[in-house]
Amino acid sequence: MAQYHVTIDSELLQHLFLSDAKDSSVSKLLESILNQILEAQATEQLRAAPYERTQERQGYRNGTYPHTLTTRVGSITLRVPRLRNGKFSTELFSRYQRSEQAFILALMEMVVNGVSTRKVAEITEELCGTRISKSLVSDLCRRLDPLINAWKNRSLKDNQYPFLIVDALIIRIREDHRVVHRSMLIAIGVNQDGIREVLGFMIGDSESEESWNEFFCWLKDRGLNGVDLVVSDDHRGLVKAVRRNFQGASWQRCQTHFMRNVLDATPRAVHSEVKVHVQAILRAPDMDTARMLLTKTLEAFAKKAPRAMEILEKGFDDATAILELPEKYRKRLRTTNSLERLNEEIRRRERVIRIFPNRDSANRLIGALLLEIDNKWAGGGRYLDMAEYHEHRSCQPKPSSNIFYL
């Protein structure tokens, strides 16, 4: 490693110890030292000091140009030597570039984890003594786009995904100088090895059948296959799109939302009783038991809660489709709770931003978060042990009680 002799100006050194503006003094000291190192490195490359006459000289100086660096002690301006017969090279910049990349990644991480660009600018001012604008932070975060797009559009054809869970959440985006509500459609799947994956996300104009159909077609174009059970809420457009795109698959209506629908239509006087009966139906050990409990519940509350019983009877088959699977799979697939928890993580960050400035920024932030979660799931072991499921499917015919047909 090269050794350099550095001269420190006594006045600058005295100012460092006596001045209240410590950060400013440190940055000036660092600037002086680095400029001396640059000059020493130029001498090494040319094999001659300024104005020195020697037969070993490899070229001549041609002045300097300024190069600004933002450091933790403030901005410093370096005088980078120019050479007539070649380009001056220094390890200082390559080392700084590595540090700068780490710094930029830290800024991106702050944004992804829900820190607003305004707050990031304030943090960098505290750390570096220089305020980085919100627009610069946003520009830096655009470097995430290639990584997110590559992951988002990856092929799914190498795996089968027996279990598919889908949901949407509403976000606000600024479009054409006004704030509009858009639906973020999200799908997670459990593959044949029991590993949970974030399969994809898309911003739709609404939760209409057309938006969901476009989303499912995109997933299938990327290779989504082997879907045996789709879990979702009872949204009309979503259910129609599931029927169109996954014919032959069973649909499990989220039991949490189903219970809420039934209880919302139940008179307060029998609210707790109805809840106990419906819970018993949904947690029945098999379909025959569930139907027997359904009959008793309908008889008991036909007059006391007619509207609730109508909803219960109409939605029974959809809410109990999970009973066709072995018991060990029911708890995690009877609701969309696993996806709801993921939505909560998105909401925690989205609340800081409140309104996305455009669709690209929404895709960038939510995509970076989902990519991080997907990587965590991939390294976290199996979500479900699929051995019993594969054995069950090989021995049992596909259930017909809840198969969709067009």
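The values are calculated or read from the model by the stated rules, or taken from the named source; none is laboratory data. As the structure is a prediction and not an experimental result, all values here were calculated from the model. With ideal geometry, Cβ positions are generated from the backbone for all residues, glycine too; neighbour counts draw on all protein chains shown.
Taken over the stretch 196-237, the criterion of being among the basic types (Lys, Arg) and at pLDDT 95 or above is satisfied by ARG196, LYS220, ARG222.
Within this structure, VAL239 fails the test of being surrounded by 21 or more Cβ atoms within 10 Å (Cβ to Cβ) and either part of a loop (DSSP other than H, G, I, E, B) or out of contact with any Lys or Arg (no Cβ under 7 Å at 6 or more places or on another chain) (or both). Take ARG382 and decide whether it is loosely packed, with under 12 Cβ neighbours inside 10 Å, touching a residue at least 12 places away in the same chain (Cβ under 8 Å) and not acidic (Asp, Glu). In short, no. Say whether the condition of being at pLDDT below 85, crowded, with 16+ Cβ neighbours inside 10 Å and not in a helix (DSSP H, G or I) is met by at least one residue in the stretch 340-357. Yes, the conditions are met somewhere in the stretch 340-357.
Residues in the stretch 175-197 that are in contact with a strand residue (DSSP E or B) (Cβ under 7 Å, 6 or more places away or on another chain) and assigned to a strand (DSSP E or B): 14 in all.
Remark: pairs (first residue in the stretch 39-56, farther than 15 Å from ARG82 by Cα and assigned by TED's automatic domain parsing to the domain that holds HIS67; second residue in a loop (DSSP other than H, G, I, E, B) and among the hydrophobic types (A, V, I, L, M, F, W, C); Cβ separation under 8 Å; 6+ apart in sequence or on different chains) = THR54/ALA48; GLU56/ALA48. Can you name every residue in the stretch 364-379 that is over 12 Å from TRP151 (Cβ atoms), in contact (Cβ under 8 Å) with a residue 24 or more places away in the chain and more than 9 Å from the chain's Cα centre (by Cα)? Answer for the stretch 364-379, where residues must be over 12 Å from TRP151 (Cβ atoms), in contact (Cβ under 8 Å) with a residue 24 or more places away in the chain and more than 9 Å from the chain's Cα centre (by Cα): just TRP377.
Return yes or no: is ILE171 assigned to a strand (DSSP E or B) and over 17 Å from LEU333 (Cβ atoms)? Yes: the conditions hold for ILE171. Meeting the requirement of 1 or more residues that are crowded, with 21+ Cβ neighbours inside 10 Å and touching a residue at least 60 places away in the same chain (Cβ under 8 Å), the helices (runs of 4 or more DSSP H) wholly within the stretch 245-322 are 255-264, 306-319.
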